[in-house]
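Please read the structure below before turning to the comments.
The values are calculated or read from the model by the stated rules, or taken from the named source; none is laboratory data. What you see is a predicted model, and the numbers here were worked out from it, not measured in a lab. In this analysis, Cβ positions are derived from the backbone assuming ideal geometry, glycine residues included, and neighbour counts consider all displayed protein chains.
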Amino acid sequence: RFPNLLVNGSGGIAVGMATNIPPHNLGEVIDAMCMLIDNPDTEIAELMECMPGPDFPTGAMIMGRSGIRAAYMTGRGKVIVRAKAEIVEEKNGRFKIIVSELPYQVNKARLIEHIAELVNEKRLEGISNIEDHSDRNGMHIEIDIKRDASAQVVLNQLYTYTQLQTTFGVIMLAIVNGEPKILNLKEMLTSYIDFQEEVIYRRTAFDLKKAEERLHILEGLKIALDNIDEVIATIRASKDTPHAVSNLMEKFALSEIQAQAIVQMRLRQLTGLERAKIEEEIKELEIKIADYKEILGSKERRLQIVKCEAIEIRNKYSDERRTEICNISGEVDIEDLIPEEQCVVTYTRFGYIKRQTTDTYKLQNRGGRGVAGMTRREEDVATELMITSSHDYILFFSDKGRVYRLKCYEIPEGSRQSKGMNIANLLPITAEEKITSMIRVPEFSEDKFLIMVTRQGIIKRISLEAYNTNRKGGLIALELNEGDELAWVRMTDGNDSIIVATKKGFAIRFMETDVRPMGRLARGVRAIRLREGDEVVGMSVAREGGKVLTVSETGYGRLSEIDNYRLQSRGGKGIINYHVAKYGDVAAIKVVDLEDDIILVSEDGIIIRILASSIRVCARPSKGVTVMRIKDGNKVVAAARAPHEEDAVALEAEEIDPEEEAADAVIDEPEEIAEPDAEESAEE
């Protein structure tokens, strides 16, 4: 009737596995269990408000909460348990250490013996004597400190070298449905609640069966009392008991069990008082049977019984917490130990990711060849770049429409030449799943939205807050049509305009409010109607004062005014953005500022950083200028913007080829404007 495994703890070793569950406070465990019954969606952090940590029968102190959090979140953790000791000054000016509580499972006699051995071996200096004054009133060990020794230093040495401080390794392994499984706190409580509910169900089913059997007999006795004269006459006319039973069954339509009960009925039950008792018992049984049936038919009722029985035990047996949970002096989260700095996060086609500081890449002139950005396996290419703070969250969106999240600092830092770590070692993605888009999130806010665009031109708008979850297995970002994949995600303020560009040189700009906010499982609506053989290569948010950067696979780039892309209705074919027949397919588009730096990545892994202001601003659909010199058989595959760094090293700028400049000034084809189609290809 209470979670015994958590309250009393458990420990054991088997072949290839072990369990070590610490004891907990009865009242706290039951409070957490009741909270979970009332709200099955309760998070572990909320459960820890009721159940802050283990409660050892020997008291002592738990140092820090990180080990408890790890144990409760993952089922494994290390809890540091320290003896409760105080330094007392005597009248003669000398100090002594008084130990009043020991860590769990520490043997007092062996502890004192070990301290004495350390003193004799000169490994512990400063102790003159140790005495045990423990009695029925409690633990009391006195350690006398030498006059010239520091009591605090001696105490710290005792914590380091003896069992005055121990580490309790938590392994919350239990047998679930016949299989050993490591459970977190919520899973363990849920398993107990499910088990206890089953116990209530079986117990009630048993009680119902017994009550119905008893009611059946009483109904037969009542029939006999209502027809007592005929019953007596029938029995007297029968030659033996079996015949009496048979005759009663035939005459009064009784069952064999009822007839047997009537034959065995004593004469005293014929009195009026006994008759009233039978009738009263029948009424009580009918009420109980109705209640039992309600319990069997209602899971909520069974859970309330589990809760009430546990509360009854808590009220009767619960006591105060004995183990104190202390914040270690200077205890900080890991994030506080990590400097906040700008980072470049690089992700490759084969799924390798790494984090580097932005100063890894020196600023170069437009048209340079760049420096090697990574050592990679053959044919691997960098497909995603992101400039972010080391403390920001990064959301990872996969081609299957799922989203995962990490802190930037959780991504291993790599050198410029290192290939990084495979993303499968950081995220629980499947073998067929690929990360296609990343977005940084400084903080989750209800005022922010995510805009998602697929390769087939489907767009979805959703509140950023919808993805504020610690779920390890990720979340569904959107449902995809067959053959489609999620490719781009951007964060907006809710009133921005969106530019979507295609590989074959078309683009469309529309207000994000044209896309209504949708639920997490919605499919989305059409952003742009694609021509045959075309696909989306980029989506960006049009910021005021920004310029639209278009980069071709052949290494040409151009900045254009946002107003050059007139607002249209969502779902149209768009306008001509780039002459791909002359200058190559479009590799990427970005909305950038002239003060930004642009980082470009080629298919062979070369990275270059240039000033956005070094790229000419010209109208679409002109070619632009050379932003990255591409070798034969190579192409640009990704582009990212980064804040300009004043101390970056700038090389000597290249002169622009006059023929190239003349070609850029000519717009020799009229723009194509296609109105939006009435029907959409995807509905929510």
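For the range 537-555, which residues satisfy the criterion of being within 10 Å of residue 586 (Cβ to Cβ), outside any loop (DSSP other than H, G, I, E, B) and at pLDDT 90 or above? The answer is 550, 551, 552.
Among the basic types (Lys, Arg) and either within 40 Å of the chain's Cα centre (by Cα) or under 16 Å from residue 450 (Cβ atoms) (or both): is that true of residue 503 in this structure? It is true that residue 503 is among the basic types (Lys, Arg) and either within 40 Å of the chain's Cα centre (by Cα) or under 16 Å from residue 450 (Cβ atoms) (or both).
A Cβ distance below 6 Å, combined with a sequence gap of six or more or placement on separate chains, defines the contacts here; from the range 173-195, residues that are among the aromatic types (Phe, Trp, Tyr) reach residues that are not in a strand (DSSP E or B) in the pairs 192/3.
Run down 146, 122, 108 and say which single residue is at pLDDT below 90 and on the phi < 0 side of the Ramachandran plot.
One residue alone meets the criteria, 146.
Remark: residue 538 matches the filter, which requires a residue to be under 32 Å from the mean Cα position of the chain (by Cα), closer than 19 Å to residue 395 by Cα and buried (at least 22 other Cβ atoms within 10 Å of the Cβ). Out of all the residues in the range 65-85, which are touching a Ser or Thr at 6+ places or on another chain (Cβ under 6 Å) and of a type in the set (Val, Ile, Thr)? Those that are touching a Ser or Thr at 6+ places or on another chain (Cβ under 6 Å) and of a type in the set (Val, Ile, Thr): 80, 81.
For the range 166-193, the tally of residues that are over 24 Å from the mean Cα position of the chain (by Cα) and crowded, with 20+ Cβ neighbours inside 10 Å stands at 1.
Would it be correct to say that residue 432 is in the same structural domain as residue 353 (by TED's automatic domain parsing), closer than 17 Å to residue 516 by Cβ and not in a strand (DSSP E or B)? No.
In the range 17-28 there is no residue matching the filter, namely being in contact with a Cys (Cβ under 6 Å, 6 or more places away or on another chain) and under 15 Å from residue 183 (Cβ atoms). Scoring residue 483 on the criteria (1) in a loop (DSSP other than H, G, I, E, B); (2) at pLDDT 90 or above leaves a single failure, condition (2).
Filtered by the rule that a residue be part of a strand (DSSP E or B), among the polar types (S, T, N, Q) and under 16 Å from residue 55 (Cα atoms), the range 1-33 gives 10, 20.
For the range 2-28, the candidate set comprises residues that are under 11 Å from residue 189 (Cα atoms) and in contact (Cβ under 8 Å) with a residue 40 or more places away in the chain; within that set, the residue that is surrounded by the fewest Cβ atoms within 10 Å (Cβ to Cβ) is 5. Can you pull out every residue in the range 395-433 that is of a type in the set (A, V, I, L, M) and over 18 Å from the mean Cα position of the chain (by Cα)? Result: 421, 431. Residue 451 meets the conditions (1) in a strand (DSSP E or B); (2) touching a helix residue (DSSP H, G or I) at 6+ places or on another chain (Cβ under 7 Å); (3) more than 24 Å from residue 638 (Cβ to Cβ) in every case but one. The failed one is (3).
Have a look at 591, 666, 601 and point out the one that is under 30 Å from residue 572 (Cα atoms) and either modelled with pLDDT of 80 or more or assigned to a helix (DSSP H, G or I) (or both).
591
At pLDDT 50 or above, in the same structural domain as residue 535 (by TED's automatic domain parsing) and in a loop (DSSP other than H, G, I, E, B): does that describe residue 654?
Numbers: at pLDDT 50 or above: no; in the same structural domain as residue 535 (by TED's automatic domain parsing): yes; in a loop (DSSP other than H, G, I, E, B): yes.
When the stated conditions are applied, residue 654 does not pass them.
So that you can scan it fast, the table gives a plain yes or no per residue for (1) of a type in the set (Asp, Glu); (2) touching an Asp or Glu at 6+ places or on another chain (Cβ under 8 Å); (3) under 23 Å from residue 599 (Cβ atoms):
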position: 484; (1), (2), (3): yes, no, no
position: 490; (1), (2), (3): no, no, yes
position: 499; (1), (2), (3): no, no, yes
position: 515; (1), (2), (3): no, no, no
position: 527; (1), (2), (3): no, no, no
position: 531; (1), (2), (3): no, no, no
position: 560; (1), (2), (3): no, no, yes
position: 565; (1), (2), (3): no, no, no
position: 574; (1), (2), (3): no, no, no
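Between 149, 109, 60, 70, the distinction of being within 20 Å of residue 320 (Cα to Cα) and out of contact with any His (no Cβ under 6 Å at 6 or more places or on another chain) belongs to 60 only. Within the range 249-271, residues that are at pLDDT 85 or above reach partners that are aromatic (Phe, Trp, Tyr) with beta carbons closer than 9 Å, at six or more positions or on different chains, in the pairs 258/252; 259/252.
Can you tell me which residues in the range 86-104 are out of contact with any Ser or Thr (no Cβ under 7 Å at 6 or more places or on another chain) and in contact (Cβ under 8 Å) with a residue 60 or more places away in the chain? Hits for the range 86-104 are 87, 97, 99.
Here's the yes/no breakdown for (1) buried (at least 21 other Cβ atoms within 10 Å of the Cβ); (2) touching a helix residue (DSSP H, G or I) at 6+ places or on another chain (Cβ under 7 Å):
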{"residue": "517", "(1), (2)": "no, no"}
{"residue": "524", "(1), (2)": "yes, no"}
{"residue": "533", "(1), (2)": "no, no"}
{"residue": "552", "(1), (2)": "yes, yes"}
{"residue": "555", "(1), (2)": "yes, no"}
{"residue": "561", "(1), (2)": "no, no"}
{"residue": "564", "(1), (2)": "no, no"}
{"residue": "574", "(1), (2)": "yes, no"}
{"residue": "578", "(1), (2)": "yes, no"}
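Does residue 115 qualify as being farther than 30 Å from residue 172 by Cα, more than 42 Å from the chain's Cα centre (by Cα), surrounded by 19 or more Cβ atoms within 10 Å (Cβ to Cβ) and in contact (Cβ under 8 Å) with a residue 60 or more places away in the chain?
Details: farther than 30 Å from residue 172 by Cα: yes; more than 42 Å from the chain's Cα centre (by Cα): yes; surrounded by 19 or more Cβ atoms within 10 Å (Cβ to Cβ): yes; in contact (Cβ under 8 Å) with a residue 60 or more places away in the chain: no.
Against the criterion (farther than 30 Å from residue 172 by Cα, more than 42 Å from the chain's Cα centre (by Cα), surrounded by 19 or more Cβ atoms within 10 Å (Cβ to Cβ) and in contact (Cβ under 8 Å) with a residue 60 or more places away in the chain), residue 115 does not qualify.
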